1. For the charge dipole of region B:3-239, defined by +1 on Lys and Arg C-beta atoms and -1 on Asp and Glu C-beta atoms about the Cα centroid, which residue among B:ALA52, B:LEU146, B:LEU118 has the Cα displaced farthest towards the positive pole?
2. As a footprinting exposure proxy, order B:LYS96, A:LYS33 by other Cβ within 10 Å, with the fewest listed first.
3. Under the rule of at least 5 residues apart or a separate chain, name every residue whose amide H is placed under 5 Å from the amide H of B:ARG154.
4. Please compute the contact order of region A:82-123 in relative form: average sequence separation of alpha-carbon pairs under 8 Å and at least six residues apart, divided by the residue count, as a percent.
5. Classify the protein assembly as shown from the C-alpha gyration tensor, please: rounded if a/c falls under 1.5, else prolate or oblate depending on whether a/b exceeds b/c.
6. Using unit Cβ charges (K, R positive; D, E negative) and no other charged atoms, how large, in debye to the nearest 20, is the dipole of region B:3-239 about its Cα centre?
7. Which of rounded, prolate or oblate describes region A:3-80 when judged by the alpha-carbon gyration tensor and an a/c cut-off of 1.5?
8. Let's see if you can work this out: charge +1 on each Lys and Arg Cβ, -1 on each Asp and Glu Cβ, no other charges. What is the dipole magnitude of chain A about its Cα centre, in debye to the nearest 20?
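Where a number appears in this text, it was derived from the coordinates with a stated rule and is not lab data. Treat the numbers as computed from the prediction; the structure is a model and nothing was measured. Counting neighbours? That spans all protein chains shown, and the Cβs are built from the backbone with ideal geometry, glycine included.
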Amino acid sequence: MSVPVSLLGLLQREPSYGYELKREYDAYFGRGKPLPFGQVYATLGRLARDNKVVAGGAEPGDGPDRRRYAITDSGSEDLERWLSEPLEPEPHLQTALFTKVVLALMLGRPAERYLDVQRAAHVQRMRELNNLRRTGTVVEALLADHSMFHLEADLRWIDLTSARLAVLAEEVSR
Amino acid sequence: MSMTQARQRPGSTAEPSPAPALLEGRNIARSFGQTPALRGASLGVSSGEVVAIMGPSGSGKSTLLHCLAGIFRPDSGEVRYDGRRVDQMGEAERTKLRRTDFGFVFQFGQLVPELTALDNVALPLLFNRSGRKAAYRRAMSWLERLDIGDMGARRSGELSGGQAQRVALARALVTRPKVLFADEPTGSLDSVTGEKVMNLLVDSARQEGTTVVLVTHDARVAACAERELIVRDGVVVNPLPTAEI
């Protein structure tokens, strides 16, 4: 889900090649689950089709010819929107949140503010679930509880990450 | 404008607060020795609102509550309650304000151990020179309202944590305060008991039109409030609704 936006984020720093993008993606976001080459090029192809990136002409290199990709204005707008708007609060969004924080730090964006906005969205969802728990049936309350515990876990991660942003920024900055 | 009209409904955080603040902090700074706890915290709380103050340990959230409640005097900045400068009041005036207009619930009930639950709840009314009979009648009605009517004769050592917090809540609300300050009110309770106490706190406050300022590190507790303020490094990072940050 966050592969296209991760590639856009990497390209926002500077234009790059498919191979380089894969290498950087694996280093920052892959963590034991490297991105297959096929998926890199398929994603770049879709982004190019949607006018989010543009591919340069074929450049000869040591190996096969390669293309240099650059982000477009429309791609930049998508990236900015994704960074600044909270994700839909739902269980298991850790990977997307993690990606957002790393990209924000890498690009010098206000990661702390993004986390604050996300925290507000999470607490708001907890508020809605709280109302459901108080007015709904036991089954609804238990389902709401399940979601609330996951949101709580996210919130604890958000708090911890907020406290460690300075260290993380050092690690991801080049 | 009545308190009910001024109250924000849950989910209204994206809209600017329409009511003037009942309680307001402007650039509050407070240090303990060389250690700054607040470095220019600002916030506004409308009448009837239930607001949670959140933040990591040491962020200054409890100090902020103590400044707003007139327990601590800020080193600089302003605290206004109902248009009055709390930070400029003398000790006696602040004590009176706390007794007449504010109620308090802390993490550990802080009941007077030698007194019964009923005595503890009646105590603030007796301090405020209410008649003894009326004070005890009102104290009893609050114990009943919080489902601990049968605990009135017990001393705090004979109460469970949850029961003691309900007694503390009854004691805080019995004087019908305009503002209830609660500092980690469920911090010493298990989650099920904590939730019951929290629901009682919020429901009672809403029924009474009482404004609540609640300090918590627990998102689940904060979700009971209508709005949350985040304190970081002694500053409120979101004094405005989220959409206006």
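1. Value computed over the given set: B:LEU118.
2. Listed from fewest to most nearby Cβ atoms, that is A:LYS33, B:LYS96.
3. Under 5 Å from the amide H of B:ARG154: B:ALA117, B:LEU118.
4. Computed value for region A:82-123: 56 percent relative contact order.
5. Prolate shape, in that a/c is at least 1.5 and a/b is the bigger ratio.
6. It works out to roughly 700 debye.
7. Because a/c hits 1.5 or more and a/b fails to exceed b/c, region A:3-80 counts as oblate.
8. So the magnitude is around 120 debye.
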